[in-house]
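The values are calculated or read from the model by the stated rules, or taken from the named source; none is laboratory data. All of these numbers come straight from a predicted model, not from anything done at the bench. Neighbour counts are summed over all protein chains in view; Cβ atoms, including those assigned to glycine, are modelled from backbone coordinates with ideal geometry. Surface accessibility is based on the protein's heavy atoms, side chains included, excluding ligands, DNA and RNA. Shrake-Rupley method; radii C 1.70, N 1.55, O 1.52, S 1.80 Å.
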Amino acid sequence: MADLRPPRRIRAPLAWTASALVGAMLLHIDRVPWWITAAALVCVGWRLAAEVRAIRLPGRFAKIGVAMMLIAAVLAQFHTLNGLSAGTALLVVMGAIKLLETFSRRDRYVVIGATAFLLLAACLDRQGLTRAPLYLLEAWICCTALAVVAQQGDSLTAHAAGALAARSLGLAAPLAVVMFLFFPRMVGAFWTLPQADSAVTGLSDSMSPGGISQLSESDEPAFRVRFEGPTPPPEERYWRGPVLHEFDGFTWKRGTGYYRQPVLQHEGIAYRYRVTMEPTAQRWWFALDTVAEYPLRRAVLMFDHQLIAHEPVTRPITFEAVSYTHNSTAGPPSTLARGYDTKLPPDRNPRTVRLAREMRAAVGSDADFVQAVLAVFRRGGFEYTLTPPKLDRDSVDDFMFNTRQGFCGHFASAFVTMMRAAGVPARVVTGYQGGEWNPVREYFLVRQSDAHAWAEVWLDGRGWTRIDPTAVVAPDRLRRGVYDLIPGAMTAAQRLMRDSPWVAEARLRWDALNDWWNERVVRFDLNAQMDLLAWLGFDSRDWQPLGWLFAGGLVAWLLFVAWHVGRALRATPMDRLARAYTRLCAKLAKAGVPREAHEGPLAYADNVAARRPDLAAAVRPLLSRYADLRYGRDAGARSPADIAQFERAVARLRVPRESEPRLRAQRAT
C-alpha cells in the first residue's frame, strides 16, 4: 500500500551507499545468474522508493523470508555456498537485503563493507586491462560513500566527499605500488583461487562437422608466442592441441586409449619460444608441433605428443618450450597403436569406406594412397567455406559425395576416415595454424579465428606424418588468415578493422598493451620479484632484501602522509572552538539528530528541540553559547578561558540514545 504523505528526497548517505552497492553488482553482471542481479536490483529500488515514501518497506518476518528464499536459490544454483562464484552471488544477495533495513550509520557501513568485498571478488575473478578503470571507479565510489556516511550532518558536500575520496586514493597509491613490488609473495600467483570452469571460447576435446568453423567468428586472442632466434615459416606454424582418436561416424573425440610411442628422431631447426596463453578452463597447452622440451614440473607430454598441464588454465600462463617441425620414426607402430588408430564404427559412412578400400587396392604403398586421396580433394570439386551445409548422420559420406563444401574439420575428418578404412593408422589433430606478427612487442598473436584441424598418418620409414588436406583445397590458408582467404565471411566491423591500416595498427598496439599488462602486472610473481631485485643490484635470491625494501617504502610512505596531513592542517587550521563544536555535533548525530549542512547553530538548536525535546534544556544553551563565541558581537574579544569553559561543557554533556521503537516511529512520520 502506497504512503500518501508528501514525498521526500533521498538523503545523500543512502544514495551513495546504494550507488556503491549497485556499481559492485554490475561488475559481476556477466558472472552471476541474471535472476540474482535482478533480485538485488529490486531490493535496491524498493529501499529507495521507501525513502521517498512511494512504498512501504517489508516487515521483519517478510525480510527474513526473502533472505531465506534467496539463499536457498543460490544454494540450488551452485550446490554450495563456498568458492568465488557461489560466494559472490551470496554476497550480492545479502548486501541487497541488508540495504532494505539500512537506517543508521552503522548499517550503511556494513553495506559499504560488503561492497568492498564484492570489488575484491571482481579483482580476483578477472584482471584484464579493460576492467582496471572500472575497478578504480568503483573504489572511488566506495570511498566517497564512506566519506558521506561518516560526515553526515556536517558541512561536507557530495562534491567535497568525492574530492576527499580522490585525494585519499591518490595518497594510498604509493603504498599500493610498494606492496605490489616488494611485499614477499608465495610461490605462484595471488590470483590462483579455485574457480568454476566457466565457458571460455576455444577448442574442445571433441570435433563435429562445423565445430571449428564457429571459432572463426571470434577475433579473441588464444595465445602469444615469442621466439628466441629463428622463426618457422608460415606453412610450418602448426600449434598442436587436442589429438582426437575415437570416431562414432559423426563426432571425433580424444578417447581414453593409450599405447607406447616409438622414439622420435628430431630433424632440422630447434625452435625455442615462449607461449603466453589466455585462460581456457582446459588442461591442454598449445605448442609448436612437435615438442621436444617443456616444463616437466608443470605439464606432461602424452603418447600422441599432446602437452597436458597438471592444472586447468584458469588464468593467463607462460611457459617455454623447444620444438622441431620435422621428425621421423624408424620403427613400426605397435599392434595396439595400429588397432587403436584404424578403428571405425561399423555400418557408418559405407560409401567412403568402399571408395577408400578400392583406391588402396589400386596403389602400391600407403604413401601413394595418401597422394591419391589428396588428388581427390584437389580435383574433386571441393570448396573451402566457413558456412558449409549441415550434414546427415553419415557425415563423411554426405560431405564426400553430396555437399563437397566444408571447413578444415570436414577435410581432416574425411581424410582420416579414408585412411583408416584402408588400414592406414591415422588421427585428427586440432589446434591453431599461423599467427599475426605484432611489431610493437615482437611476438606472434594467434587468435581463435586461427583454429585449425589437420591429419596425421603413419607411413613406414617416416612414422607419424602431418598431412593437411585443407592445404590441398585452399593452399593460401597456410600463408593467409581465414578472413583474407574468404573476405565475404567477415562482418562489417571485422572488415573495417582489417581494411583500415590505422585501425589495424591500433588493434596491434592495444594487444601489445594488454600483453604488457598481463606480463608485468597480472603475472607478477616471486620470480618476477627476484628479477626486480637483480635489476636493482641485489645479489641475494631470498626474501630478506624484499623485506627491507618493503619496510623502507612503508616508512617513506608514512612520512609522506604525515607531511601531507601537516601541510593540510597548516593551510586550513581548525581552532579549539571549532573542534569542540564538531565534537558536540558528533554526539548529537549519534543520538539520532545529525546536523544538516545548511544549518547554523541556532537553527540546529531548534531542530534538536523539535526532534528530541528531552535534549532541549541541555543542548540549546550550548549551541547558543557557541553562536555567541563564534558570531556574536564580542566574538573577536573571546578569551581562552571562554573557549575552555565551552570545551568542558561539551565534554560533560551526556546524550542518551533514543530508543529504537521511538526512533522508527519518528522516521516513519
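Does segment 607-619 contain at least one residue that is of a type in the set (D, E, K, R), in a loop (DSSP other than H, G, I, E, B), modelled with pLDDT of 85 or more and surrounded by 17 or more Cβ atoms within 10 Å (Cβ to Cβ)? There is at least one residue in segment 607-619 that is of a type in the set (D, E, K, R), in a loop (DSSP other than H, G, I, E, B), modelled with pLDDT of 85 or more and surrounded by 17 or more Cβ atoms within 10 Å (Cβ to Cβ). Per the listing 53, 47, 60, 11, the residue uniquely closer than 30 Å to residue 593 by Cβ, of a type in the set (Lys, Arg) and open to solvent by less than 20 Å² (accessible area, probe 1.4 Å) is 47.
So, of the residues in segment 496-540 that are of a type in the set (Gly, Ala, Ser) and not in a helix (DSSP H, G or I), which turns out to be modelled with the lowest pLDDT?
Ranking the candidates gives 540 first.
If you go through segment 210-234, how many residues are part of a loop (DSSP other than H, G, I, E, B), open to solvent by less than 40 Å² (accessible area, probe 1.4 Å) and modelled with pLDDT of 55 or more?
3
Across segment 384-416, which residue is farthest from residue 450 (Cα to Cα) among those that are of a type outside the set (D, E, K, R) and without any contact (Cβ under 8 Å) to a residue 40 or more places away in the chain? Among residues in segment 384-416 that are of a type outside the set (D, E, K, R) and without any contact (Cβ under 8 Å) to a residue 40 or more places away in the chain, the one farthest from residue 450 (Cα to Cα) is 402.
Per-residue answers, yes or no, for (1) among the polar types (S, T, N, Q); (2) over 26 Å from residue 235 (Cβ atoms):
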{"position": "288", "(1), (2)": "no, no"}
{"position": "296", "(1), (2)": "no, yes"}
{"position": "299", "(1), (2)": "no, yes"}
{"position": "302", "(1), (2)": "no, no"}
{"position": "312", "(1), (2)": "no, yes"}
{"position": "329", "(1), (2)": "yes, no"}
{"position": "339", "(1), (2)": "no, yes"}
{"position": "346", "(1), (2)": "no, yes"}
{"position": "352", "(1), (2)": "yes, yes"}
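Residue 397 meets the conditions (1) surrounded by fewer than 20 Cβ atoms within 10 Å (Cβ to Cβ); (2) more than 25 Å from residue 240 (Cβ to Cβ) in every case but one. The failed one is (1).
Taking residues in segment 363-378 that are in a loop (DSSP other than H, G, I, E, B), and partners anywhere that are of a type in the set (A, V, I, L, M, F, W, C), the pairs with Cβ atoms closer than 6 Å and at least 6 places apart or on different chains are 363/369; 363/372. Looking across segment 363-393, the residues that are farther than 21 Å from residue 466 by Cβ and either touching a Leu at 6+ places or on another chain (Cβ under 6 Å) or open to solvent by less than 40 Å² (accessible area, probe 1.4 Å) (or both) come down to 380, 385, 386, 388, 391. Contact map, segment 563-588: residues that are modelled with pLDDT of 80 or more paired with residues that are not in a helix (DSSP H, G or I), Cβ distance under 6 Å, separation 6+ or inter-chain. Pairs shown: 585/595; 587/655. Taken over segment 253-301, the criterion of being of a type in the set (A, V, I, L, M, F, W, C), under 24 Å from residue 511 (Cα atoms) and surrounded by fewer than 19 Cβ atoms within 10 Å (Cβ to Cβ) is satisfied by 281 alone. Would you mind stating whether residue 555 is open to solvent by 70 Å² or more (accessible area, probe 1.4 Å), over 30 Å from residue 631 (Cα atoms), in a helix (DSSP H, G or I) and modelled with pLDDT of 80 or more? Answer is yes for this residue. Candidates are the residues of segment 474-495 that are open to solvent by 30 Å² or more (accessible area, probe 1.4 Å) and hydrophobic (A, V, I, L, M, F, W, C); the one that is modelled with the highest pLDDT is 493. One residue stands out in segment 341-362 among those that are open to solvent by 40 Å² or more (accessible area, probe 1.4 Å) and part of a helix (DSSP H, G or I): the one that is farthest from residue 396 (Cα to Cα), namely 361. Is segment 337-344 home to any residue that is out of contact with any helix residue (DSSP H, G or I) (no Cβ under 7 Å at 6 or more places or on another chain), of a type in the set (A, V, I, L, M, F, W, C) and at negative phi? Scanning segment 337-344, I find at least one residue that is out of contact with any helix residue (DSSP H, G or I) (no Cβ under 7 Å at 6 or more places or on another chain), of a type in the set (A, V, I, L, M, F, W, C) and at negative phi, so the answer is yes. With respect to the conditions (1) over 22 Å from the mean Cα position of the chain (by Cα); (2) touching a residue at least 40 places away in the same chain (Cβ under 8 Å), residue 92 lacks only one, and its number is (1).
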